[in-house]
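The values are calculated or read from the model by the stated rules, or taken from the named source; none is laboratory data. It should be emphasised that the depicted structure is a prediction, and the values quoted were computed from it without experimental measurement. Virtual Cβ from ideal backbone geometry, glycine too; neighbours counted across all protein chains shown. For accessibility, only protein heavy atoms count, side chains too; no ligands or nucleic acids. Shrake-Rupley method; radii C 1.70, N 1.55, O 1.52, S 1.80 Å.
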Amino acid sequence: FPVTITGAFDENGRTYWISAQNGAGISGVSWLGQDFGTPRTVVEIRVAQWGTTPSNSDRNITDARIQHSSDGTNWTTNKNIVLGVPQVEFEYKVVGTVSARYWRILAASNTTNFGWHIAKMSFWALAT
């Protein structure tokens, strides 16, 4: 199966993205996001972690943060979220009306031994 950053954004549950970090090195370091090029008002982020069975849960995290930035360096946490079970797409509403060029999900917990696997991720923004 392809393992690339596009694997999380291609709407194909059989492809996925894996963090470069593993196990205890994930929290506060691993993230996946989008550079929109210009500020966008994101209203919702949808995420499905990769896995085909509960036995794959060692590749998933439980806690994360929705963050935004105007410069890609300084990040503000919009919301803390609890991620769901593998292969189920969960929707997370953004708090308030925030316009930013960069949006991401930052890991706030660790996997047991493996990299963090994301099968699908999408950002829903207001029309410009």
Exercise. Grab the Cα-Cα distance for GLU89 and TRP124, subtract it from 0.36 nm times how many residues apart they are, and report the gain in nm with one decimal.
Key: 11.2 nm
Quiz item: To the nearest 10 square angstrom, how much accessible area does TRP75 have with a 1.4 angstrom probe?
Solution: 60
Quiz item: Over the alpha carbons of the chain, what is the largest minus smallest coordinate on each principal axis, giving the biggest first in Å?
Solution: 41, 27, 22
Quiz item: How many percent of the accessible area of the stretch 1-50 is carbon or sulfur, using a 1.4 Å probe?
Solution: 55
Quiz item: Which percent, nearest 5, of DSSP beta bridges in the chain are antiparallel?
Solution: 95
Quiz item: Per-residue ellipticity at 222 nm for the chain, helices alone: DSSP H runs ≥ 4 residues times -39500 (n - 2.57), over residue total, nearest 500 deg cm²/dmol?
Solution: -500 deg cm²/dmol
Quiz prompt | Inter-probe distance in nm under a simple model that places probes 7 Å from Cα toward Cβ, at ARG14 and THR62 | solution = 3.3
Quiz item: Rounded to the nearest whole Å², what accessible area per residue is found for the chain with the 1.4 Å probe?
Solution: 50
Quiz item: Using only the Cα atoms of the stretch 14-81, what do you get for the radius of gyration and for Dmax, in Å?
Solution: 13.7, 40
